[in-house]
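The structure under discussion appears below in the form of structure tokens.
The values are calculated or read from the model by the stated rules, or taken from the named source; none is laboratory data. Keep in mind it's a predicted model, so treat the numbers as computed, not measured. Note that each Cβ is placed from the backbone with ideal geometry, even for glycine, and that neighbours are counted across all protein chains shown.
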Amino acid sequence: MKILLAADGSAFTKKALAFLVTHEGVAGANDELVVLHVQPSLPPRVKGMVPADTVADYHREEADAVLAPIDAFLKRHEIPYRCRWVIGSPCDEILNAATAENAKMIVMGTHGHNLAARFFMGSISQRVVARSEVPVLLVK
């Protein structure tokens with residue numbers, strides 16, 4: 001089974017990774033894990049003031065900062081995986097990647113916002129659950 005792990009580099013991503021490696025029924029040796037990191041696009045005003053190669057370097061460095069520890073962790077646990085990153089709206093890009101990868105499940109950490117915070121701010125995980133066509137496993 002192909003699993004998409006949405007990774008933002010937070011402690012909640014670490015909890016989701018720990019869950020995956022300790023529950024072989026979820027991600028085992030025969031499963032494929034695709035780790036996706038989504039970065040929001042810089043505002044157009046900023047992009048207009050900074051050279052394109054500087055913006056590209058910034059995004060690459062940010063992605064490496066998030067994905068390098070995940071890469072090391074998954075190598076230690078011998079789980080088949082590959083990492084990728086994109087720029088865009090997190091919810092949209094997670095759902096696009098799940099479709100493009102033909103993932104059978106999305107796994108993501110949840111920040112556990114209370115009801116009032118979810119009402120006012122929304123939640124990426126809440127939006128992914130509402131719009132996903134495949135099961136979503138939230139790890140708190």
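Computed quantities for the displayed model
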| read-out | value |
| --- | --- |
| Exclusive hit being under 17 Å from Ala16 (Cβ atoms), of a type in the set (A, V, I, L, M, F, W, C) and either at pLDDT below 95 or surrounded by 14 or more Cβ atoms within 10 Å (Cβ to Cβ) (or both), set Leu138, Leu115 | Leu138 |
| Conditions (1) at pLDDT 90 or above; (2) surrounded by 15 or more Cβ atoms within 10 Å (Cβ to Cβ); (3) touching a strand residue (DSSP E or B) at 6+ places or on another chain (Cβ under 8 Å); number of the one not met by Thr110 | (1) |
| Selected residue [out of contact with any strand residue (DSSP E or B) (no Cβ under 8 Å at 6 or more places or on another chain) and modelled with pLDDT of 95 or more] from Glu93, Glu101, Glu61 | Glu61 |
| Residue pairs meeting the criteria (Cβ under 7 Å; at least 6 apart or on separate chains; first under 19 Å from Thr13 (Cβ atoms), in the stretch 53-72; second part of a helix (DSSP H, G or I) and hydrophobic (A, V, I, L, M, F, W, C)) | Ile70/Leu17 |
| Within the stretch 10-19, tally of residues that are farther than 18 Å from Val128 by Cα and surrounded by fewer than 16 Cβ atoms within 10 Å (Cβ to Cβ) | 3 |
| The stretch 20-51 - residue that is in contact with a Lys or Arg (Cβ under 8 Å, 6 or more places away or on another chain) and charged (D, E, K, R) and, of those, surrounded by the most Cβ atoms within 10 Å (Cβ to Cβ) | Asp31 |
| Conditions (1) closer than 23 Å to Leu42 by Cα; (2) at pLDDT 95 or above; number of the one not met by Ile124 | (2) |
| The one condition in (1) part of a helix (DSSP H, G or I); (2) within 15 Å of Phe12 (Cβ to Cβ) that Val38 fails to fulfil | (1) |
| Residue selected from the stretch 73-107 under the condition in a strand (DSSP E or B) and of a type outside the set (Phe, Trp, Tyr), by the criterion surrounded by the fewest Cβ atoms within 10 Å (Cβ to Cβ) | Arg82 |
| The lone exception for Ala56 - which of (1) modelled with pLDDT of 90 or more; (2) under 17 Å from Ile106 (Cβ atoms) it fails | (2) |
